[in-house]
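Report on one structure; see the data block that follows.
The values are calculated or read from the model by the stated rules, or taken from the named source; none is laboratory data. Quantities reported herein were computed from a predicted structural model and do not represent experimental measurements. Note: ideal-geometry Cβ built from the backbone for every residue, glycine included; neighbour counts use all protein chains shown. We work out accessible area using only protein heavy atoms, side chains counted, and drop any ligands, DNA or RNA first. Shrake-Rupley method; radii C 1.70, N 1.55, O 1.52, S 1.80 Å.
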Amino acid sequence: MSSTREKLISLLSNQSENFVSGQWLSSQLKISRTAVWKQIKQLEEDGYKFEAIQNKGYRLLVQPDKVSENTLYWGLDTKWLGKSLEHYPVLDSTQRLAMEKAQKGAEEGLVVVADKQTTGKGRRQHRWYSNHSGGVWLSFVLHPKMVPAKAPQLTLLTAIAVVQAMESATELKPMIKWPNDILIGDKKIAGILTEMQAEHDEIHYVVIGIGLNVNQTSNDLDHQIKHMATSLLIETEKTYHKQVIIQAILTHFETIYHDYLLNGFEPIRKQWLHYAYRLGDLIHYTINGEENRGILHGIANDGSLIIEDEQQQKQNLYSAEIKWFEGVENNES
Ligand code: BTN
């Protein structure tokens, strides 16, 4: 059960375009109008700003720069993604919790956000350093009606949504390193983890996890990943309102996901190529233990990577057989 203060914030957040009268707030909250006024004064002390007009009431203008369920709802213009949302100051992993909630029947669009994660998960059982509140750490639940073989396409379209969100907030030009890394230059700034529960030809649920380094300085990044990771702050020398970045990710994801459900993967594939890291470059890869070299040609309709080998033959790569450059990868170890 939320407190009177939380209910008040939520009533004002939901009506951010309109004035709400003290009378209406007092009847909703079942407290006197003087008590409403006192609560509003306290909120102002905490950084909230209101426009108050006699006979009209209050309108919320500014929320403090802090991630909370309320600040995330405020101004979120998605239709379904994030309409149900849980925020935690600390969690072991948003991915673990979202998978558990999906298993118990959570609806499509549930978003779990944490300020810090104690055991963040990366791909291939790697750990994901996220015990710092400067990053965006979130996971959300989908129930796509499609065959499990198409799930890798979801990682690729999520990467586009994250890149577009970064472009909307910064002047940066991020690139996507197939399949799930987002880079600035050669440094990783974000990663995507797609997990699902599926059976035969049916997906029960998918959970997509996104980790994006936002307000960390280079000292805030774990020493093991410092040399190969970066953040929006490091790249632009600016700090960001994380709630705005989260909202942008959710909005871009919803748009691109609708496009995908309506028009299939082909338009997504074309957009993806626009952001592809090392497209047209010579890269090293291994197939069945044998080292090869080839040109990174693009991605196929099933989301696999197409390489043109030295005999001009095209090969489709499905897993982590690629050596992008010497060294390791990211927020992972
Ligand atoms: C990778 O690049 O290996 C994927 C990293 C995914 C990290 C995110 S952070 C939010 C969510 N919760 C987790 O434990 N992992 C994902």
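Things to note:
- Checking VAL163 against (1) open to solvent by 20 Å² or more (accessible area, probe 1.4 Å); (2) under 15 Å from the mean Cα position of the chain (by Cα); (3) under 16 Å from HIS274 (Cβ atoms), the condition it does not meet: (1)
- All positions within segment 72-128 that are outside the structural domain of LEU142 (by TED's automatic domain parsing) and assigned to a helix (DSSP H, G or I): LEU72, TYR73
- Test: SER218 is of a type in the set (Gly, Ala, Ser), surrounded by 22 or more Cβ atoms within 10 Å (Cβ to Cβ) and either more than 23 Å from ILE322 (Cα to Cα) or assigned by TED's automatic domain parsing to the domain that holds TYR240 (or both): no
- Restricting segment 166-176 to residues that are outside any helix (DSSP H, G or I) and surrounded by fewer than 21 Cβ atoms within 10 Å (Cβ to Cβ) leaves a set whose member that is nearest to the ligand (Cβ to nearest atom) is MET175.
- Pair list, Cβ < 6 Å and 6+ apart or interchain, from segment 72-97 residues that are among the acidic types (Asp, Glu) to residues that are surrounded by 21 or more Cβ atoms within 10 Å (Cβ to Cβ): GLU86/VAL112
- Of all residues in segment 117-160, those being more than 14 Å from the ligand (Cβ to nearest atom) and without any contact (Cβ under 8 Å) to a residue 12 or more places away in the chain number 0.
- Test result for ALA114, out of contact with any Gly (no Cβ under 6 Å at 6 or more places or on another chain), under 28 Å from THR236 (Cα atoms), without any contact (Cβ under 8 Å) to a residue 40 or more places away in the chain and of a type in the set (A, V, I, L, M, F, W, C): yes
- Among the residues of segment 284-298, those that are surrounded by 12 or more Cβ atoms within 10 Å (Cβ to Cβ) and either of a type in the set (S, T, N, Q) or touching a His at 6+ places or on another chain (Cβ under 8 Å) (or both) comprise THR286, ASN292, ARG293.
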